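First comes the structure, then the notes that go with it.
Bear in mind these aren't lab numbers, they're just calculated from the coordinates by the rules spelled out. Note that the structure is a prediction, hence the values are computed from the model and not measured. As a convention, Cβ positions derive from the backbone with ideal geometry for all residues, glycine included, and neighbour counts pool all protein chains shown.
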Amino acid sequence: MDGALSVQPCSQCKEVSILFQEYSGQHLCGRHLSSSIRKRVAKEIRLQFNLPKDARHSDGSPFRIFVAISGGKDSAVLLSMLVDIIGRRRDIEIISGCIDEGIDGYRSPSLELARELAESLNIRFETLSYEDIGYDRMDNVVKKMPIIGENNPDAKGMMPCSYCGVFRRQGINALAKKVNADIMALGHNLDDMAQSIIMNLQKGNIERSVRLAPHTDDPIEGLAPRVVPLRWIPEQEIHAHAIHECLPIHHGDCPHAPGAMRQLSRGIIADMETITPGSRHGLLHSLDQIRKMHKEINPIKSEIKNCEECGEITSRQICQACTMKRWLEEN
């Protein structure tokens, strides 16, 4: 019919394509998209994990990889890819886990999908709630935020994601410790990385960008290094792959997310990519070069402190999690 959209064939075979890679100019079918993602993830595993041929510990126990999953597309693809690529190795144990932030109508269905995914892959699954680690449910935190902002100048203007990001990070660290993980894998994709870089540049905070994962080349004692095997995979490709593979994923958005700075950065990155395909890759390549130069200029590690209240690693006397916890208790 006149005016009908034509479906392009895959650039590598005759199958119908499900995605167009603007930055490469290729149309990809589901099979070749999956193959493309797998190759890039396998490369990052080699670069980030530093796994010897036999990764067992001296006592014979396996090398443990904790995978933080949420029920969303990114962590679902991450876990399924890790299981596919290295899951059959007897010297490695993959363990998954999900943090329950306490968000009604959002976390419960996504947590069950995370559990379903782990069970389908025959992977151990653990959960931990904010209450388990001494914090309040996020729904309650959001209710208290206006009065906290009035009583604490440092909290004025903070969005829910500021609190949740800090508490969630503590929760993931706690889960990694609980399972005695050697490394923890996070599902940050290329868009996430580019957004973080832009947000830090806007604040003039190069140091924070330099500290972005992966951390295996510069581990901190007492903390499982974070790895990000999906860091070169665009969000759109992850979503298309998850749907093509029929992975159990939750499609809802967090009700507390609107207005967060990351949402604004998401729009900026999307506009940049539309104008100049490959912008996200360029930002991440730039960060890698900055990280390399920063390490050469600052060969001595900055001093790591432990929070005087909870003992967690921090750059200040009292960590941000304990500061926020005190705000909540006072209000």
Original post:
So which aspartates and glutamates can Lys144 reach, going by Cα to Cα under 14 Å and dropping same-chain residues fewer than 8 places off?
Top reply: Asp136, Glu329, Glu330
Subject >> Candidate lysines for bridging to Lys73, where Cα separation is under 28 Å - those fewer than 8 sequence places away on the same chain excluded >> reply: Lys14, Lys39, Lys43, Lys177, Lys178
Original post:
Net charge near Arg90, counting Lys/Arg +1 and Asp/Glu -1 over other residues with Cβ under 11 Å of its Cβ?
Top reply: 0
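Using unit Cβ charges (K, R positive; D, E negative) and no other charged atoms, how large, in debye to the nearest 20, is the dipole of the chain about its Cα centre?
Numbers: 41 positive and 44 negative charges, 171 e Å.
That gives the chain a dipole magnitude of about 820 debye.
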Subject >> Percent of alpha-carbon pairs separated by more than 31 Å within the chain >> reply: 36
Original post:
Which one of Ile123, Ile220, Ser315 is farthest out on the positive end of the charge dipole of the chain, using unit charges on Cβ (Lys, Arg +1; Asp, Glu -1) and the Cα centre as origin?
Top reply: Ile220
Original post:
Which of Ala155, Gly252, Val67 sits farthest toward the positive end of the charge dipole of segment 61-295, with +1 on the Cβ of Lys and Arg and -1 on the Cβ of Asp and Glu?
Top reply: Ala155
**OP:** With a point put 7 Å past each Cα toward its Cβ, work out how far Asn331 is from Glu131 in nm, to one decimal.
**Re:** 2.2
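So what's the net charge close to Glu312: Lys and Arg +1, Asp and Glu -1, counting the other residues with Cβ under 12 Å from its Cβ? Show your work: numbers first, answer last.
On the way: positive: Arg169, Lys177, Lys305, Arg316, Lys325; negative: Glu308, Glu309.
Residues near Glu312 contribute +3 overall.
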**OP:** Rounded to whole Hz and in sequence order, give me ³J(HN,Hα) for segment 50-59 from the Karplus expression 6.51 cos²θ - 1.76 cosθ + 1.60, θ = phi - 60°, writing x for Gly and Pro.
**Re:** 6, 8, x, 4, 10, 8, 4, 7, 4, 8
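When only Cα pairs under 8 Å and 6 or more residues apart are kept, what is the percent relative contact order across the chain?
On the way: 465 pairs, mean separation 65.0, N = 331.
The normalised contact order for the chain reaches 20 percent.
Which of the GluC sites (Glu not before Pro) across segment 267-311 are loop residues per DSSP, with 15 or fewer other Cβ within 10 Å? Walk me through the numbers on the way to the answer.
Working: sites: Glu273, Glu296, Glu303, Glu308, Glu309; in loops: Glu303, Glu308, Glu309.
Here the GluC sites (Glu not before Pro) that fit, given the DSSP loop and packing criteria, are Glu303, Glu308, Glu309.
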Original post:
Glu126's amide H: which non-local residues (gap 5+, or another chain) put their own amide H closer than 5 Å, with H modeled 1.01 Å from N in plane and none for Pro or chain starts?
Top reply: Ser96, Gly97, Cys98
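Say R0 is 30 Å: what FRET efficiency, to the nearest 0.05, do Lys203 and Lys144 get from their beta-carbon distance?
Working: r = 26 Å, r/R0 = 0.85.
So the FRET efficiency works out to roughly 0.70.
Which order do the peptides 46-52, 320-326 take when ranked by the mean count of other beta-carbon atoms within 10 Å per residue, highest first?
Details: 46-52: 15.3, 320-326: 19.7.
Packing proxy ranking, top to bottom: 320-326, 46-52.
Can you give the charge dipole size of segment 206-331 about its Cα centre, rounded to the nearest 20 debye, using +1 on the beta carbon of Lys and Arg and -1 on the beta carbon of Asp and Glu?
Details: 15 positive and 18 negative charges, 52 e Å.
For this selection, approximately 260 debye.
Can you give the net charge of the other residues whose Cβ lies under 12 Å from the Cβ of Cys29, counting K and R as +1 and D and E as -1? Don't jump to the answer; show the numbers that get you there.
Values: positive: Lys14, Arg31; negative: Glu15.
The answer is +1.
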